[in-house]
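Derivation of every value follows stated rules applied to the coordinates shown; laboratory data play no part. All values reported here derive from a predicted model rather than from experimental measurement. For neighbour counting, all protein chains shown are included, and Cβ atoms are generated from backbone atoms with ideal geometry for every residue, glycine included.
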Amino acid sequence: MTTPYHHGNLRSALVDAGLELARAKGPDGVVLREVARRVGVSHNAAYRHFADRDELLLEIADRGMTELSRAMQARLDALPDELDAVSRARRRLQEVGRGYVDFALAEEGLFAAAFSCFAEKVADGSDPESGPYELLTAALDDLVEVGYLDTSRRPGAEVACWAAVHGFSLLHLEGPLRVVAPADREAALTGLLDTMDRGLGRPVR
């Protein structure tokens, strides 16, 4: 497939073509020569915008994170207005988690690409999870604000919730649960999110 581009917009066209490859084949499918071929330019022309394949993949990973954030935000935007403050805060956390998992399952290749440069970004001291992580952080802060989550149990809650939904996603994408029927997977996700909600809302005895 060839991605047309306008003069002066080659970099954007290369990223768009790389995104198509990532969606179809994951990060390993992003090859600079193939990206250039799809756009209709020479390999050397692509190198004028990206020093190497890793530099292109880094931008694709950023775009993947942005799309993940948008999917999570869309779930939040769909919440009904009539909810009381506590119910809304609890639903916000669940919708953030559901948006994360839904995106991972629907966009397996792009989801993998989004996290393909994660270790390098952490090593560089950047904040690679800023978009999705900010949404999760805000949802947990809302739970504290409405009195559902005790302040003493707030530290570390992000990691616990993130590990739950990311692990769930990987188990169903490439692990032993990949053969589970969609209806059963949806029921399991609802159970996971309910468990997260109940666990945050009451102290462990």
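Say R0 is 41 Å: what FRET efficiency, to the nearest 0.05, do Asn44 and Gln73 get from their beta-carbon distance?
Working: r = 39 Å, r/R0 = 0.96.
Once the sixth-power term is evaluated, E becomes 0.55.
Can you tell me the relative contact order of region 1-117? Whole percent, Cα pairs under 8 Å, sequence separation 6 or more. Don't skip to the end; give the middle numbers.
On the way: 130 pairs, mean separation 38.0, N = 117.
Dividing the mean separation by the residue count of region 1-117 yields 32 percent.
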Under a Gaussian network model of the chain whose springs join Cα atoms within less than 10 Å, the largest fluctuation of Ala164, Ala113, Ala61 belongs to Ala164
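Treating only the Cβ of Lys, Arg, Asp and Glu as charged (+1, +1, -1, -1), what charge dipole size does region 61-201 show about its Cα centre? Round to the nearest 20 debye.
That gives a dipole near 300 debye.
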Could you work out the Rg to Rh ratio of region 158-205, with Rh taken as the Kirkwood radius (inverse of the mean 1/r over all Cα pairs)?
1.04
Once every DSSP H run of n ≥ 4 in the chain is given -39500 (n - 2.57) and the sum is divided by its residues, what mean residue ellipticity at 222 nm do you get, rounded to the nearest 500 deg cm²/dmol?
-22500 deg cm²/dmol
What ranking do Thr151, Thr195 get, fewest neighbouring Cβ atoms within 10 angstrom at the top?
Thr151, Thr195
I need the Debye-formula profile for region 21-109: one equal scatterer per C-alpha, no solvent, reported as log10 I(q)/I(0) at q = 0.14, 0.15, 0.20, 0.26 1/Å, two decimals.
-0.62, -0.67, -0.90, -1.21
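Compute the FRET efficiency between Leu170 and Ala85 as 1/(1 + (r/R0)^6), taking r as their Cβ-Cβ distance and R0 = 35 Å, and round to the nearest 0.05. Can you show the working numbers first?
Working: r = 34 Å, r/R0 = 0.96.
Rounded to the nearest 0.05, the efficiency is 0.55.
For the chain, what D do you get in µm² per second when you plug the Kirkwood radius from alpha-carbon pairs into Stokes-Einstein at 20 °C and 1.002 mPa s? Numbers along the way, then the final one.
Values: Rh = 18.6 Å.
For the chosen part, D equals 115 µm²/s.
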If I model a spin label as a point 7 Å beyond the Cα along the Cα-Cβ vector, how far apart are those points for Asp194 and Leu105 in nm?
1.6 nm
